[in-house]
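Novice: Sharing a structure here in structure tokens format.
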Amino acid sequence: MSYPIARPRRLRTSPAMRRLVAETRLNPAELVLPMFVKEGLTEPRPVPSLPDVMQHSRDSLRKAAAEAVRAGVGGLMLFGVPEKRDATGTGGIDPGGILNVAIRDVIREVGDSTVVMSDLCLDEFTSHGHCGVLDAKGDVDNDATLARYAEMAVAQAAAGVHVLGPSGMMDGQVGVVRKALDSAGYTDRSILAYAVKYASAFFGPFRDAVESQLDGDRRTYQQDPANLHESLREVELDIAEGADMVMVKPGLPYLDVISAIASTVNVPVAAYQVSGEYAMVEAAAANGWIDRERAIMESLTSLRRAGAQIILSYWATEAALKLREQY
Ligand code: PBG
């Protein structure tokens with residue numbers, strides 16, 4: 001008898017064999033495309049630190065949304081970049097504010113053919129760039145911010161959005177948003193809670209994309225990258241407050257967190273492959289240091305394998321098209 005008897009390599013002998021035994025498969029329906037729309041633009045404008053990602057005009061946003069839907073993506077996540085900002089982020093609440101206008105545009109364009117989501121946070125709309133309003137000392141005022149989120153949620157729901165994504169990491173934000181939506185009659189709108197959001201260096205290019213005015217950091221509200229148990233607590237609270245889905249963000253550096261959460265909760269778990277994760281692969285690929293397509297698919301597969309059922313990725317449209325070719 002020859003040795004060894006057990007030869008795991010037998011299941012890796014051909015592409016067909018590997019396809020047969022693959023434990024993780026990606027599906028376009030699980031991918032969500034984050035998109036930026038900037039007030040006042042007539043042409044889309046590239047974001048230098050995010051190659052191929054645009055600050056869209058209202059027009060180009062509609063076209064890119066339709067293209068993503070044709071590729072089969074499961075959802076779109078919209079971010080607005082206003083022309084003017086103020087201390088309390090009025091532009092996020094105003095029905096004529098760019099994000100609310102864009103929600104209406106995209107809903108008109110794609111209807112119910114995909115799930116339209118919106119970022120529910122003040123940072124794009126505040127002159128100081130924080131996710132909430134400030135108190136007299138200049139600290140982010142949790143409870144005063146909640147009142148603004150409630151108004152913002154109702155404005156987004158009125159614009160027709162299907163899913164709201166509270167991303168500001170204020171305590172109690174999910175409960176306040178749920179209550180505001182229900183009181184206004186929007187019991188059918190879902191909440192994708194950014195339950196676990198770390199104070200991460202990997203958000204850098206996003207801040208270019210939204211022209212963030214932030215000076216300083218978000219460490220008094222976003223989580224410390226050192227902590228795992230704290231993320232389980234955040235998830236528990238958000239589900240108790242009415243979160244329909246929970247998200248972990250960033251993705252790749254936090255696979256252990258995704259895995260721990262996916263094994264404990266009974267709601268869909270999403271992961272956000274953030275701007276810095278995208279930029280690293282694009283930059284390395286542009287230098288010829290990495291195989292771009294393989295790195296994209298490998299990183300998406302890893303997020304899925306860790307337990308993310310939904311993945312937000314700036315590559316969503318491209319990956320969806322590639323997956324459709326494969327199957
Ligand atoms: C806050 C928000 C941020 C991101 C998504 N929502 C930035 C932040 O918290 O500073 C980051 C997304 C990315 O890096 O791709 N509205």
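We did not get these values from a lab; they are worked out from the coordinates using the rules stated. Keep in mind the model is a prediction, meaning the values are calculated, not measured. Every residue, glycine as well, gets a Cβ built from its backbone with ideal geometry; the counts of neighbours run over all protein chains shown.
Novice: What do you get for the angle between helix 292-306 and the principal long axis of the chain? Use alpha-carbon atoms, 0 to 90 degrees, nearest ten.
Specialist: Helix 292-306 sits roughly 80 degrees off the main axis of the chain.
Novice: Each residue of the stretch 215-222 in turn: what ³J(HN,Hα) in whole Hz from Karplus with 6.51, -1.76, 1.60 and θ = phi - 60°, glycine and Pro shown as x?
Specialist: 10, x, 8, 10, 5, 7, 10, 7
Novice: Now for a separate question. Please list 167-180, 277-290 highest first by mean number of surrounding beta-carbon atoms within 10 Å per residue.
Specialist: Order by mean packing, descending: 167-180, 277-290.
Novice: When the Cα centres of the stretch 230-290 and the stretch 124-153 are compared, how far apart do they sit, in Å?
Specialist: Here the answer is 24 Å between Cα centres.
Novice: Now a separate question. Helix 58-71: angle to the longest alpha-carbon principal axis of the chain, degrees 0 to 90, nearest 10?
Specialist: So the helix axis and the longest Cα principal axis differ by about 30 degrees.
Novice: For a test of the definition: using alpha carbon positions, the gyration tensor, and the 1.5 limit on a/c, classify the stretch 23-326 as rounded, prolate or oblate.
Specialist: Rounded is the answer for the stretch 23-326, as its axis ratio a/c remains below 1.5.
Novice: Separate question: Choose one of LEU31, ALA158, SER57: the residue whose Cα lies farthest towards the positive end of the charge dipole of the chain (beta-carbon charges +1 Lys, Arg; -1 Asp, Glu; about the Cα centre).
Specialist: LEU31
Novice: I would also like to ask the following. Per DSSP H run of n ≥ 4, the term is -39500 (n - 2.57); total these for the chain, divide by its residue number, and report the mean residue ellipticity at 222 nm rounded to 500 deg cm²/dmol.
Specialist: -12000 deg cm²/dmol
Novice: Give, rounded to the nearest 20 debye, the magnitude of the charge dipole that the chain has about its Cα centre when Lys and Arg contribute +1 at Cβ and Asp and Glu contribute -1 at Cβ.
Specialist: 1580
Novice: Per residue of the stretch 257-267, what does 6.51 cos²θ - 1.76 cosθ + 1.60 with θ = phi - 60° give for ³J(HN,Hα)? Whole Hz please, x for Gly and Pro, Karplus curve as stated.
Specialist: Once rounded to whole Hz, the list reads 5, 4, 4, 4, 6, 4, 8, 10, 9, 10, 10.
Novice: Expressed as a rounded percentage, what relative contact order does the stretch 92-240 have, with Cα pairs under 8 Å and six or more residues apart?
Specialist: 23
Novice: Which order do the peptides 144-155, 107-118 come out in when sorted by mean C-beta neighbours inside 10 angstrom, highest first?
Specialist: Highest mean packing first, the order is 144-155, 107-118.
Novice: Tell me which lysines have Cα within less than 24 Å of LYS322's Cα, excluding those fewer than 8 residues away on the same chain?
Specialist: Cα-Cα hits under 24 Å: LYS63.
Novice: Cβ neighbours within 10 Å, averaged per peptide: list 200-213, 13-26, 241-254, 83-96 in order, most packed at the top.
Specialist: The most tightly packed comes first, giving 241-254, 200-213, 83-96, 13-26.
Novice: Post the alpha-carbon centroid distance, the stretch 1-71 to the stretch 302-327, in whole angstrom.
Specialist: If we compute the Cα centre of each part, the gap is 4 Å.
Novice: With an 8 Å Cα cut-off and a minimum separation of 6 or more residues, compute the relative contact order for the chain in percent.
Specialist: After rounding, I find 19 percent.
Novice: Follow-up. Just to confirm the number: angle between the C-alpha axis of helix 98-110 and the first principal axis of the chain, 0 to 90 degrees, nearest 10?
Specialist: For 98-110 against the chain, the angle is about 50 degrees.
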